Structure formats: structure tokens, C-alpha cells
Amino acid sequence: MSQISKEQEEEEVWEEVFQLFDKDRNGHISRDELGRVFRALDLDPSQKELDQALKELDKDGNGIFEKDDFKMYLKKVKRSSYDERKQEMMQAFSLLDKNNDKFIDAKELSQVLTSLGEVLSEAEINAMIQVADTNKDGKIDYEEFVKFILTPCL
């Protein structure tokens, strides 16, 4: 069994995405097909953002989007979405890290929860910390925070 690199695997995924939306199988994405792409990806771009996307994708102005340009654009959207989520996570972490020491401890978590109307016992706060504290140092660092937030509950 041959081993597929992460890049090859990702390229195959983008190819499958392209094929899903190229309904008439002509190797291009039409303007109408592109609208379905945005809706399927749960993207709600403003008219300005949509016009910009169309301009980026439709290099020759014929209303048809080539496969490579389409895949490059979706990769860019994915990166942009990732960067936005990362920024949101940093902001959320900063709100919890009251003393800016790059960690969330029990006292900080308690303060934030109390300000939100959630008064928990010390044992409950410590239990919450323990769930996210994978290195067991008694506090949550940024990586632990992100992993905890992004890990689905069982």
C-alpha cells in the first residue's frame, strides 16, 4: 500500500470538491455553480466580497472558472477562515487570561464565570481546569485551551 502525502491527500479532496460542483462535468465552474459552492460552504459573502471572488476566479471575464483557479481560491478561503478562527481563539483566551501571564488559572476562570453569573465552588472550578489541563500543571495554556475548545464533547 503506497503512502499518500498530506499534500496529495489535500489535492484529492479539492479535486472531489471541484467535481461535486461541476454539475455538467465540463471541467469548469459556471457562475451559477459558484453560487451553489458558496451556499454549500455556508459562506455568506457580501456583494463586494462576491464580486471580488468572481473577479479573482474569472481571469478572462467569460463567466467560467477554471479548475486550478477555483481550487486555489477555495484554499485561500480556507486559510482565511482558519486565520479568523485563530484570531477569535486568541481573543477569547486573552479575555480569560486576566493577568496576561499566558495561562488561565482557577482564580481567573472563577472571576470570569462569576462575572457571567455562574458561581461555582472551588472544587467545580478545579474540575474544569483539570479537564483542559493536559500537562497537569494546574493551569491552562493557549494550546490546551484551543484543544479543549475544538474537541467535540462526547
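The values are calculated or read from the model by the stated rules, or taken from the named source; none is laboratory data. Remember, it's a predicted structure, so these values are computed and weren't measured experimentally. Neighbour counts run over all protein chains shown; Cβ positions are idealised from the backbone, glycine included.
Evaluated against (1) of a type outside the set (Val, Ile, Thr); (2) over 23 Å from GLU15 (Cα atoms); (3) more than 26 Å from the chain's Cα centre (by Cα), GLY63 falls short on exactly one condition, (2). Is it true that GLN52 is closer than 26 Å to GLU16 by Cβ and assigned by TED's automatic domain parsing to the domain that holds TRP14? Yes: the conditions hold for GLN52. Of the residues screened, ASP101 is one that is over 28 Å from GLN8 (Cα atoms), in the same structural domain as ASP133 (by TED's automatic domain parsing) and exposed (fewer than 15 other Cβ atoms within 10 Å of the Cβ).
Yes/no matrix, rows are residues, columns are (1) modelled with pLDDT under 75; (2) more than 30 Å from THR134 (Cβ to Cβ):
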position: VAL17; (1), (2): no, yes
position: ASP22; (1), (2): no, yes
position: LYS67; (1), (2): no, yes
position: SER81; (1), (2): yes, no
position: PHE93; (1), (2): no, no
position: PHE103; (1), (2): no, no
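Looking only at residues of the stretch 121-154 that are of a type in the set (Ser, Thr, Tyr) and within 21 Å of GLN91 (Cα to Cα), we find that the one that is farthest from the chain's Cα centre (by Cα) is TYR142.
When the helices (runs of 4 or more DSSP H) confined to the stretch 1-117 are screened for residues that are among the hydrophobic types (A, V, I, L, M, F, W, C), within 30 Å of PHE148 (Cα to Cα) and touching a residue at least 40 places away in the same chain (Cβ under 8 Å), those reaching at least 1 such residues are found at 6-21, 67-96.
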